[in-house]
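Heads up: the structure comes next, in structure tokens.
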Amino acid sequence: MLKKWLNKVLPGKAKTAKLSRQVLSFNEHGIHAESISFAAEKVIKRLKQSGFEAYIVGGAVRDLLLGVEPKDFDVATDAPPEAVRKLFRRSRIVGRRFPIVHVMVGPETIEVTTFRGGPVHTQNELGRIMRDVSFGSQEQDAQRRDFTANALYYDPIDQVVVDFHHGVDDIRLKKLVMIGEPAARYQEDPVRMLRAARLSGKLGFSVEGATASDIIPCADLLRREPPARLFDEILKILFSGHAQNCLQQIHALGLSGHVHPLLDALATGADKTATNMASLALKNTDERLRADKSVSMGFVLAAVLWPQVLALWLRYQAQGMRPAAALNAAIADVRAQMDQSWGVPQRYGITMREIWVLQPQFEARKGTRPFRLLSQARFRAAYDFLSLRAQLGEVPMALVQWWHDFQAADHEGQQQLIQNAPAESGVPQNRKRRRKPRNKAKAAEISQDAD
Ligand code: ATP
Ligand code: MG
């Protein structure tokens, strides 16, 4: 069905419109050469002095035209990778699908890509590009980029912008437009559909005509993508500073549902007015990123997946398991699913587990236990997580307040707080039995609790 539809809209029928190479001067583009990083300028200067063409390309030019500070500066050139590699002592060739040169200048790394083009790429039966190692002209390079807004080239030495697809106009009109035939471009690389959602959400652009309407019929292709590549794209959404907008776009463009389990879990976070774990965590993440503060992705993922952990935790307790053991079992279940097919790197899983496992320990406010918890490496993240749970009414606000005071108090104040702390709830009452496990299995369970 999909194949039939694609055959109808695809090959042969794609228009090969004659491209006009527009060169815009400073008066027309208004980008100040000083906005370019020292490293990128140095790389471009050296390439040009050696007789090559070289430009800042992609997202950085788009962001400069929008008056946004670019995250990084990528360079495109007609110099082959080996020539770039020879020009810069601190450089190396990377990339399997397509060779890229990383040039290190001081603390910065500039990605230098040779113009792509030509017919030499392999596609599978659905038109997916499997390998792509041919070089080409600047015009061909522009045609291979995804959106018109992303296919602009800026030369900071001559101070010109080169535009083949009216990208500058589209940026001014805040329109995201796919270059070429959208269905064919989604078929070549389905991740472009997620990029459409991410970029439109992040930039506040509208997605135009077929760039939007071809997504629904192509959406299923995304499920065939390697989970690790989808996870990378989801991470970019979470790190965009506009995650809630991006997720709204994912929904609006018809991409929600069974693309990746993490996207399904994130769906509830799109609503800015909702109060659930994902939306609170995403709102907080977006605010922090926009204020240039750091965020822990392990924390965000812990929040997004918490409803699943919580549901299992409650179920196992209802089946008679003690809280700490039930939580461990719930975490193990969620992590087993994650490890199987989500493409989430180990390090995030470890942080998430640490944050989750500490949650019941906040209830224990007698004796030396509060001091032990306070000295845990993940205390701060786990405490922030506790306060999110309190905002949802999962635990009393008074508990968060107690820990807030406990962190701020001097030793005497802390002893006072411990003395006045109410009896614990949510942890086993018969503490003696916990300290004297009857068998090795129980001992293992308790030592895990103390992580
Ligand atoms: P961001 O500002 O979020 O980094 P970006 O547009 O720079 O957005 P990158 O992933 O850094 O995104 O990609 C750099 C450039 O490479 C893009 O602007 C685009 O020209 C091109 N590009 C990236 N991914 C694709 C793709 N899947 N298909 C075609 N072109 C792509
Ligand atoms: Mg970029």
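The values are calculated or read from the model by the stated rules, or taken from the named source; none is laboratory data. Everything numeric here is computed off the predicted structure, so don't read it as measured data. Counting neighbours? That spans all protein chains shown, and the Cβs are built from the backbone with ideal geometry, glycine included. For accessibility, only protein heavy atoms count, side chains too; no ligands or nucleic acids. Shrake-Rupley method; radii C 1.70, N 1.55, O 1.52, S 1.80 Å.
Debye sum, Cα scatterers, the stretch 18-173, no solvent: what log₁₀ I/I(0) at q = 0.12, 0.14 1/Å? Taking Cα atoms of the stretch 18-173 as identical point scatterers yields -0.50, -0.68. To put it simply, the accessible area of the stretch 297-420 at a 1.4 Å probe is 52 percent carbon and sulfur. What the Cβ-Cβ distance of R347 and N420 gives, at R0 = 25 Å and to the nearest 0.05, is a FRET efficiency of 0.05. Between A377 and Q123, full extension at 0.36 nm per residue minus the direct alpha carbon distance yields a gain of 86.6 nm.
Can you compute 3J(HN,Hα) from phi for each residue in the stretch 88-98, using the Karplus curve 6.51 cos²θ - 1.76 cosθ + 1.60 with θ = phi - 60°, rounded to whole Hz and x for Gly and Pro? Coupling constants for the stretch 88-98: 10, 4, 8, 8, 8, 8, 10, x, 9, 5, 7 Hz. Karplus-derived 3J(HN,Hα) values for the stretch 152-169, using 6.51 cos²θ - 1.76 cosθ + 1.60 with θ = phi - 60°, are 10, 10, 10, 9, x, 7, 7, 6, 10, 10, 9, 9, 9, 10, 6, x, 5, 4 Hz; glycine and proline are entered as x. In loop segments of the stretch 249-346 as defined by DSSP, the trypsin sites (Lys or Arg not before Pro) with at most 14 further C-beta atoms inside 10 Å of their C-beta are K272, K293.
Using +1 at the Cβ of each Lys and Arg and -1 at the Cβ of each Asp and Glu in the chain, identify which of P81, H258, H29 lies farthest towards the dipole's positive end. In the chain, that residue is H258.
Only helices enter the 222 nm calculation for the chain: every DSSP H run of n ≥ 4 contributes -39,500 (n - 2.57), and dividing by all residues gives -15000 deg cm²/dmol, rounded to 500. Amide hydrogen proximity for V160: with H placed 1.01 Å from N in the peptide plane, the residues at 5 or more positions away or on another chain lying under 5 Å are D155. What relative contact order, as a whole-number percentage, does the stretch 297-420 give when Cα pairs under 8 Å and 6 or more residues apart are counted? Value for the stretch 297-420: 22 percent. A 1.4 Å probe run over the chain, with the rest of the protein chains in place, finds 49 Å² accessible per residue.
Over the stretch 196-288, what is the relative contact order in percent, taking alpha-carbon pairs closer than 8 angstrom and at least six residues apart?
32 percent
Within the chain, DSSP assigns beta bridges of which about 80% are antiparallel (rounded to the nearest 5). Backbone phi angles across the stretch 36-41, fed through the Karplus curve with coefficients 6.51, -1.76 and 1.60 (θ = phi - 60°), yield HN-Hα couplings of 7, 5, 4, 5, 4, 5 Hz in residue order; Gly and Pro are listed as x.
P(r) tail, the stretch 98-212: Cα-Cα pairs separated by more than 20 Å, 50% of all pairs. The slack between D220 and V94, meaning 0.36 nm per residue of separation minus the straight C-alpha distance, is 42.3 nm. Once backbone amide H atoms are built at 1.01 Å from N, F135 has G117 as its partners under 5 Å, excluding neighbours fewer than 5 places away on the same chain.
Could you please state, rounded to a whole Å, how far the C-alpha centre of the stretch 281-329 is from the C-alpha centre of the stretch 362-422? Comparing the Cα centres of the stretch 281-329 and the stretch 362-422, I get a distance of 18 Å. Evaluated at q = 0.09 Å⁻¹, the base-10 log of the normalised Debye intensity for the chain, with identical point scatterers placed on the Cα atoms, takes the values -0.72. Any idea what the relative contact order of the chain is, in percent, if you count C-alpha pairs under 8 Å spaced at least 6 apart? For the chain, the relative contact order is 10 percent. Estimated from the Cβ-Cβ distance and a Förster radius of 25 angstrom, the FRET efficiency linking M397 and A318 is about 0.45. Extension gain K45-E287, at 0.36 nm per residue separation less the Cα-Cα distance, in nm? Net length gain for the segment: 83.4 nm.
Between D264 and F38, the C-beta separation translates, for a Förster distance of 45 Å, into a calculated FRET efficiency of about 0.55. For the stretch 297-420, compute Rh as the Kirkwood radius over C-alpha pairs and then the Stokes-Einstein diffusion coefficient at 4 °C and 1.567 mPa s; write the answer in µm²/s, rounded to an integer. So the translational diffusion coefficient is about 85 µm²/s.
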